[in-house]
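Contents: one structure, followed by commentary.
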Amino acid sequence: MAGEHKPESKNEWRFSTKAIHVGQEPDPVTGATVPPIHPTSTYTQASPGRHKGYEYSRSSNPTRVNLERCLAALEGGAKCAAFASGSAATATLLATLAPGDKVVAFADVYGGTFRLMKRVFEGFGVIPVFTDDPSPNSFAGLVDSKTKLVWLESPTNPLLRCLDMAAIARIAHATGAKLAVDNTFATPALQTPISFGADYVLHSTTKYIGGHSDVIGGAVVVKDDALMERLAFLQNAIGGVPGPWDCYLQQRGLKTLALRMERHSANALALAKHLKGHAKLSKVIYPFLEDHPDFALAKKQMCGGGGIVTIVFKGGPDAAKQAAIRFCESVRVFACAESLGGVESLVCHPAIMTHASIPKEIREARGVTDGLVRLSVGIEDLDDLVADVDQALTKA
Ligand SMILES: *Cc1c(COP(=O)(O)O)cnc(C)c1O
């Protein structure tokens with residue numbers, strides 16, 4: 001029955017036990033082991049103002065609260081606010097800033113994050129500043145007394161650079177700024193940014209947390225209760241909240257997150273090793289390959305390398321581009337599609353697909369060339385994935 005789990009014991013639970021049980025207490029009315037989905041906009045009150053803690057579902061909904069509790073527990077944060085997408089989560093977190101506030105971000109953030117900072121919030125007086133250099137020193141050179149937020153992803157997309165969260169957190173905190181880490185690629189199963197000093201952890205739950213390519217969602221986890229005050233106000237005021245069915249799907253995804261991330265990481269590492277040195281490829285990028293520029297840091301921050309492998313085709317710009325396109329057209333188990341993090345394997349050509357909005361010179365200077373292909377390695381049988389990339393490479 002509900003109430004039998006002692007809250008104290010939950011803090012001692014390990015990752016998957018939390019993922020399966022926090023916010024999943026049996027329904028006190030029926031005993032239903034899986035809590036019901038609450039598709040209600042409103043809540044009946046016994047007398048005006050006398051309610052059971054819920055008034056209106058934009059403000060709060062039991063299915064959403066269950067997801068928020070679970071995500072907060074998995075990230076080791078105090079609280080979580082769920083949103084209708086990763087972008088809604090990003091926009092709401094940026095809305096905590098005021099005109100004149102500076103946000104210092106790694107330039108190679110998710111395109112939609114860059115777009116929100118540059119083309120939405122800059123118009124409201126927020127000052128976004130970007131660095132192309134992932135080293136803590138480059139952040140130290142940009143963070144000043146006006147800086148309220150430092151923003152990074154680790155690993156980044158699609159070059160999989162890892163940034164030193166502990167060092168950058170110290171730099172942010174020295175001037176009173178907060179550190180936000182977009183943990184979409186690693187997920188809390190592989191890396192918990194709050195344990196390295198982050199104040200906010202952002203997710204596009206659309207990716208690994210949902211895990212089945214069937215839902216769009218986002219979340220922000222905060223390190224302490226005080227940070228949730230303004231964010232919870234904005235979650236309700238702006239109203240970019242997820243519906244109960246979407247929350248249910250994400251919570252179901254969380255229950256298998258650790259298992260999936262283990263398999264994604266194992267498949268991706270094996271595939272990266274298999275592809276390494278292939279005659280048609282100039283580069284195979286994976287954080288847990290020893291020749292990755294951030295290998296030591298990746299090993300320190302993550303307990304698995306994640307499910308993304310990036311490959312670059314050999315040859316001059318045109319030849320490499322044609323090879324990359326033929327590879328994407330030739331895969332049979334992998335599907336050519338945007339997004340990532342689902343159980344099914346995907347390939348994506350960032351220059352034409354996800355990163356097309358970045359001007360070519362800037363994109364290429366960052367290493368996102370026309371010969372680059374991003375693989376989101378799923379949890380299918382490794383031998384089938386290996387056979388598929390091998391046959392597609394012969395056609396590339
Ligand atoms: C997809 C993604 C987002 C945006 O999330 P949506 O759910 O698509 O709005 C933000 N950050 C990263 C790293 C992403 O991959």
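Observations, loosely collected:
- Subset of Lys178/Lys207; Lys273/Lys299; Lys118/Lys178; Lys18/Lys118 violating a 28 Å alpha-carbon distance limit: Lys18/Lys118
- Every Cα-Cα pair of region 1-151 was included, and the share exceeding 22 Å stands at 59 percent.
- Contact order relative to length of region 10-254, as percent, for alpha carbon pairs under 8 angstrom and 6 or more apart: 24
- Summary value for region 258-395: 28 percent relative contact order, contacts being C-alpha pairs under 8 angstrom separated by 6+ residues.
- The alpha carbons of region 102-239 give a radius of gyration and a Dmax of 14.5, 43 Å, in that order.
- When the Cα positions of Phe185, Thr205, Gly240 are compared along the charge dipole of region 178-285, Phe185 comes out farthest toward the positive end, with charges on each C-beta of Lys, Arg, Asp and Glu.
- Largest accessible area first, the residues Val34, Val29 order themselves as Val29, Val34 under a 1.4 Å probe with ligands, DNA and RNA left out.
- With a 1.4 Å probe rolled over the protein heavy atoms of all chains, the accessible area of Tyr43, Tyr110 falls in the order Tyr110, Tyr43, largest first.
- Region 40-107: trypsin sites (Lys or Arg not before Pro) falling in loop per DSSP and having at most 15 other Cβ within 10 Å: Lys52, Arg58
- Interatomic Cα distance distribution for region 133-212, bins of 5 angstrom, percent: 3, 16, 27, 24, 16, 8, 4, 1, 0
- Shape of region 10-254, Cα gyration tensor, a/c cut at 1.5: prolate
- Signed unit charges on C-beta, dipole axis of the chain, positive-most listed residue Leu254, Ser357, Ala174: Ala174
- Between region 153-215 and region 323-357, the alpha-carbon center distance in angstrom: 24
- Only Lys, Arg (+1) and Asp, Glu (-1) charged, at Cβ; the chain dipole about Cα centre in debye: 340
- Applying 1/(1 + (r/R0)^6) with R0 = 45 Å to the Cβ-Cβ distance of Thr394 and Arg119 gives a FRET efficiency near 0.60.
- Residues of region 228-248 falling in the label zone of Ser41, defined by backbone nitrogen less than 20 Å from a point 7 Å along Cα to beta-carbon, are 235-248.
- Diffusion coefficient of region 258-395 by Stokes-Einstein, Kirkwood radius over Cα pairs, 25 °C, 0.890 mPa s: 163 µm²/s.
- The portion of the accessible surface of the chain made up by carbon and sulfur, rounded to a whole percent, is 55 (1.4 Å probe; DNA, RNA and ligands excluded).
- A 1.4 Å probe run over the chain, with the rest of the protein chains in place, finds 42 Å² accessible per residue.
The values are calculated or read from the model by the stated rules, or taken from the named source; none is laboratory data. Treat the numbers as computed from the prediction; the structure is a model and nothing was measured. Because the Cβ atoms are built from the backbone with ideal geometry, glycine has one as well, and the counts that use them run over all protein chains shown. Remember, those area values only see protein heavy atoms, side chains included, never the ligands or the DNA or RNA. Shrake-Rupley method; radii C 1.70, N 1.55, O 1.52, S 1.80 Å.
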